[in-house]
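For reference, the structure is listed below as structure tokens.
The values are calculated or read from the model by the stated rules, or taken from the named source; none is laboratory data. This is a predicted model, so every value here is computed, not measured. Here Cβ is always computed from backbone atoms with ideal geometry, including for glycine, and neighbour counts include all displayed protein chains.
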Amino acid sequence: MTLTSPKGTHDLLPEDLATWQFVEQTARETFGRANYQEIRTPMFESTDLFERGVGESTDIVNKEMYTFLKGERSLTLRPENTAGVVRAYIQHGMDRRPKPVKLFYMGPMFRYERPQAGRQRQFHQIGAEVFGVDTPQSDAAVILLAMTFFTKLGVPGLKLEINNVGCFDCRGDFREQLKALLAPHLMALCGDCNKRFETNPLRMLDCKNETCKAVYTQPEIAAFLNQDHTCTVCQTHFNQLLELLDAAHVPFERNKMLVRGLDYYTRTVFEITSNHLGAQNAVCGGGRYNGLVKMLGGPDTPAVGWALGVERLVSLIAKQTQPALEYFVVSDSPSHALALCQQIQARGFSADLDLTGKALGKQLAQANKLNARYVVICGESERESHSIVVKTMTDGSQESLPQELFFERLTLRAPVPA
RNA sequence: GCGACUGUCGCCUAGUGGUCAGGGCCCCUGAUUGUGGUUCAGGUUAUCGUGGGUUCGAAUCCCAUCAGUCGCCCCA
């Protein structure tokens, strides 16, 4: 019986990581330039945090959490990171920092689900959150940040869908009206929708069942849904956001059926999908969550943010190759080989050497397998004359030169040492 | 939680009841003890996912189980 990684988890091998590192590096660069700062919170939190923060009626909390008991404490592997970031924001009094507080994070999340294409039990998210501002321009800025990031990475086939789900006040009214309207149709609707009718009727609109869709597109219901049922404040906010997106030339689609699965969203919700993915086509999702900070015991603080799935993102962009090895040192003297290698590395180049003590010809063959661009040969005769042979592997040409001259040349081309 | 399909060396794969399995790639050794890539010769790696059954005989047929993939659901 061979050991394998647990169901729904994957090893990231060196050849995969080149693309991941490219994504992470681009993220740090893009967010850094936009003045976001990185935050790292624990991979597990009190179960309570997610129950209160993510929402008791959500699937995530109901059936997807990895929860375990340690002594009296119930802990849960984080299924998402907004709740964790909000907890840290409150705990460290970050509301005393200059507003807005702009944070980003990246790391693994855990959800106990049946794995399939684009869905695993341990997956990775990159997310951004802005605390302390309630303006439409902060919504726009956050969405633009995501779009800029995707553009930089060259992600194809993207679509931005956006909706206004209202605030806690107007959503309640809408909810009751919707329930009144849908109640007579319950018999015709699927089991899931009947459950959602009680727990979270807004999510019924997102149902993929054809019969249910048919009901929701009936003239009477469609007409109701077509009206904006949010309050004037929410509507104004949303309309201003749409204008800002237009002004920034960001194409979007208004999707009145779009409802996020997490309870904490208010007003703006959005989702970025790609038609190059399978059934799990959402790359990025987010929105405004003005009530969450207060709900978790902090000061009443508006916030907006999003999270994207790194695995899905990586599957969409061109595969990056690992940087090639620059130098390979060939020598029959271990001490000289080690010293040379270190000196090359100190000047900012990658260098490797043989550790097995094999013959020079074999060492050269190894350099070739490792795809080294240059081989530095330092054998007995070179040592006597304090020289070195530099061989260019692509064309086989080589040059003998004094060691000092070699290092001078290296220094000239080398990046500034850290 | 439900459904469909798949499961042979590290990777790709031949083999659809009759020698406990063949090939390609990779890896290692040698030809080539101060010069790699090509070529040539050799070598290592598989109790055919696991367990049971049918049969004189099973990688091959049947059942179960596990795992993977895709879809439902849900979401990033």
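List the pairs whose first member sits in region A:120-148 and is closer than 13 Å to residue A:100 by Cα, whose second member is polar (S, T, N, Q) and within 9 Å of RNA strand B (Cβ to nearest atom), and whose Cβ atoms are under 7 Å apart, counting only residues at least 6 apart or on separate chains?
From region A:120-148, the pairs are A:129/A:82.
Working only within region A:56-108, note down all residues that are among the basic types (Lys, Arg) and within 16 Å of RNA strand B (Cβ to nearest atom). First the steps, then the outcome.
Kept after step one, since they are among the basic types (Lys, Arg), are these residues of region A:56-108: A:63, A:70, A:73, A:78, A:87, A:96-97, A:99, A:102.
Across region A:56-108, the qualifying residues are A:63, A:78.
Identify, please: which residue in region A:1-20 is away from RNA strand B (no atom under 13 Å from the Cβ) and closer than 10 Å to residue A:322 by Cα and is, among those, surrounded by the most Cβ atoms within 10 Å (Cβ to Cβ)? Break it down into steps so the answer makes sense when it comes.
At the first step, the residues of region A:1-20 found to be away from RNA strand B (no atom under 13 Å from the Cβ) are A:12, A:14, A:16-20.
In the following step, the residues that additionally are closer than 10 Å to residue A:322 by Cα were identified as A:14, A:16-19.
Working: A:14: 7, A:16: 14, A:17: 13, A:18: 13, A:19: 21.
Taking the candidates together, the pick is A:19.
Going through region A:207-223 one residue at a time, which ones are surrounded by 17 or more Cβ atoms within 10 Å (Cβ to Cβ) and not in a loop (DSSP other than H, G, I, E, B)?
Just the residues of region A:207-223 that are surrounded by 17 or more Cβ atoms within 10 Å (Cβ to Cβ), to begin with: A:207, A:212, A:215-216.
Within region A:207-223, A:212, A:215, A:216 qualify.
From the list A:143, A:162, A:126, which one is within 27 Å of the chain's Cα centre (by Cα), of a type outside the set (Lys, Arg) and assigned to a helix (DSSP H, G or I)?
Result: A:143 is the single residue among A:143, A:162, A:126 that is within 27 Å of the chain's Cα centre (by Cα), of a type outside the set (Lys, Arg) and assigned to a helix (DSSP H, G or I).
Tell me whether region A:304-312 contains one or more residues that are aliphatic (A, V, I, L, M), near RNA strand B (Cβ under 10 Å from one of its atoms), touching a Ser or Thr at 6+ places or on another chain (Cβ under 9 Å) and under 21 Å from residue A:19 (Cα atoms). Spell out the reasoning first.
The initial filter retains those residues of region A:304-312 that are aliphatic (A, V, I, L, M), namely A:304, A:307-308, A:310.
Keeping just the survivors that are near RNA strand B (Cβ under 10 Å from one of its atoms) gives A:307-308, A:310.
Next, only the ones that are touching a Ser or Thr at 6+ places or on another chain (Cβ under 9 Å) stay: A:307.
Next cut, under 21 Å from residue A:19 (Cα atoms) only: A:307.
Within region A:304-312, one or more residues are aliphatic (A, V, I, L, M), near RNA strand B (Cβ under 10 Å from one of its atoms), touching a Ser or Thr at 6+ places or on another chain (Cβ under 9 Å) and under 21 Å from residue A:19 (Cα atoms).
Condition check: free of Cβ contacts under 8 Å to residues at least 24 places away in the same chain, within 8 Å of RNA strand B (Cβ to nearest atom) and out of contact with any strand residue (DSSP E or B) (no Cβ under 6 Å at 6 or more places or on another chain). Does residue A:381 satisfy that?
yes
So, in region A:194-206, of the ones that are near RNA strand B (Cβ under 8 Å from one of its atoms) and in contact (Cβ under 8 Å) with a residue 12 or more places away in the chain, which residue ends up surrounded by the fewest Cβ atoms within 10 Å (Cβ to Cβ)? Steps first, answer last, please.
First pass over region A:194-206, keeping only residues near RNA strand B (Cβ under 8 Å from one of its atoms): A:196, A:203, A:206.
Now drop any that are not in contact (Cβ under 8 Å) with a residue 12 or more places away in the chain, which leaves A:203, A:206.
Values: A:203: 20, A:206: 17.
Checked region A:194-206; the qualifying residue surrounded by the fewest Cβ atoms within 10 Å (Cβ to Cβ) is A:206.
Counting only residues that are of a type in the set (D, E, K, R) and modelled with pLDDT of 95 or more, which one in region A:239-262 is farthest from residue A:157 (Cα to Cα)?
So the first thing to find is which residues in region A:239-262 are of a type in the set (D, E, K, R), and the list is A:243, A:246, A:253-254, A:256, A:260.
Still in the list and also modelled with pLDDT of 95 or more: A:243, A:246.
Working: A:243: 23, A:246: 19 Å.
Selected residue: A:243.
Conditions: (1) surrounded by fewer than 12 Cβ atoms within 10 Å (Cβ to Cβ); (2) within 12 Å of RNA strand B (Cβ to nearest atom); (3) touching a residue at least 60 places away in the same chain (Cβ under 8 Å). Residue A:35 meets all but one. Number of the miss?
(2)
Would you check which residues across region A:223-271 are of a type in the set (A, V, I, L, M, F, W, C) and within 16 Å of RNA strand B (Cβ to nearest atom) and list them?
Taking region A:223-271 first, the residues of a type in the set (A, V, I, L, M, F, W, C) are A:223-225, A:231, A:233-234, A:238, A:241-242, A:244-245, A:247-248, A:250, A:252, A:257-259, A:262, A:269-270.
A:252, A:257, A:258, A:259, A:262, A:269, A:270 - these are the residues of region A:223-271 that are of a type in the set (A, V, I, L, M, F, W, C) and within 16 Å of RNA strand B (Cβ to nearest atom).
Pairs only if they're at least six apart or on different chains, beta carbon under 8 angstrom, first in region A:207-222 and within 14 Å of RNA strand B (Cβ to nearest atom), second polar (S, T, N, Q); list them, first residue then second.
Within 8 Å, no pair qualifies.
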